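The values are calculated or read from the model by the stated rules, or taken from the named source; none is laboratory data. Note that this is a predicted model, so its numbers are computed, not measured. Backbone-built Cβ (ideal geometry, glycine too); neighbour counts: all protein chains shown. The area values use the complete protein model at the heavy-atom level, side chains included, leaving out ligands, DNA and RNA. Shrake-Rupley method; radii C 1.70, N 1.55, O 1.52, S 1.80 Å.
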Amino acid sequence: MQYRSTKVTANTTVSSTSSLFYGILLVSTGGGGTLPARVKIYDATSATNQVGEFTAALPEESKLYRSLNIVCKTGLRVECSDWTDLEAYVLHA
């Protein structure tokens, strides 16, 4: 099975044909944003069905990996309180 990543730099929905989501990699690119930033993950069909939440209190130029390991046929919605100097990579099949 081939793994893929989708880069996210703004609130968006990520879809995957296999519906398998393995995790999220948060990357601080410069430290200019408001920390700690709150990254919330939702089922794409409902903004009230939250499946994960992470605090991105990252120092400058650092990385944080969090495991999801979920099946979500409609995709995942990734939202963050402040995307300034923060990138997220959603890992899926």
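Working only within the stretch 76-90, note down all residues that are touching a Lys or Arg at 6+ places or on another chain (Cβ under 9 Å) and not in a loop (DSSP other than H, G, I, E, B). Those that are touching a Lys or Arg at 6+ places or on another chain (Cβ under 9 Å) and not in a loop (DSSP other than H, G, I, E, B): ARG77, VAL78, GLU79, CYS80, GLU87, ALA88, TYR89, VAL90. Within the stretch 39-89, the set of residues being modelled with pLDDT of 90 or more and hydroxyl-bearing (Ser, Thr, Tyr) comprises TYR42, TYR89. If you take the residues in the stretch 36-73 that are touching a residue at least 40 places away in the same chain (Cβ under 8 Å) and open to solvent by 50 Å² or more (accessible area, probe 1.4 Å), which one is nearest to the chain's Cα centre (by Cα)? Among those residues, the one meeting the criterion is LYS40. The number of residues in the stretch 1-18 that are open to solvent by less than 100 Å² (accessible area, probe 1.4 Å) and either assigned to a loop (DSSP other than H, G, I, E, B) or at pLDDT below 85 (or both) comes to 6.
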